[in-house]
Amino acid sequence: MQPTTPLITRQTLEEFGIDLADKDVDSLVEHLNDTLEERIGAEITEYLTDEQLEELAEIQENKSEDEVATWINDHVENLGDIAQDEIDILLGELAANSDTVNSVEE
């Protein structure tokens, strides 16, 4: 379920004081969004019944990403809360390690 618009952007990183070279920022943003996608996906599975998990797996195999996203939006009531919680956790981890991340450039 690749989001069409990244949930974490260069601006997000700048707001957290992460200042890397352009190529490093792009790689970090991509990595963070991939990690976020995995975490949200894992959290979503906690809210679905076994039958819903089977249905989702079938849809993922046979339908487009848009159709998968629509199904998830229709079946996971608190998707926005799940996504925001995972964003907050990931950015918190990043902020806690921002000195290490910034020192990569030095």
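All of the numbers you see were taken from the coordinates with simple rules; none came from a lab. Treat the numbers as computed from the prediction; the structure is a model and nothing was measured. Don't worry about glycine lacking a Cβ; one is built from the backbone with ideal geometry, like all the others, and counts go over all protein chains shown.
What are the pairs, 6+ residues apart or on separate chains, where a residue within the stretch 38-56 that is surrounded by fewer than 14 Cβ atoms within 10 Å (Cβ to Cβ) has its Cβ under 7 Å from a residue that is assigned to a helix (DSSP H, G or I) and among the aliphatic types (A, V, I, L, M)?
Sorted first by the residue in the stretch 38-56, then by its partner, the pairs are Thr45/Leu53.
Kindly indicate whether any position in the stretch 69-88 is of a type in the set (Asp, Glu), within 15 Å of Leu7 (Cα to Cα), in contact (Cβ under 8 Å) with a residue 40 or more places away in the chain and assigned to a helix (DSSP H, G or I).
The answer is yes; a qualifying residue exists.
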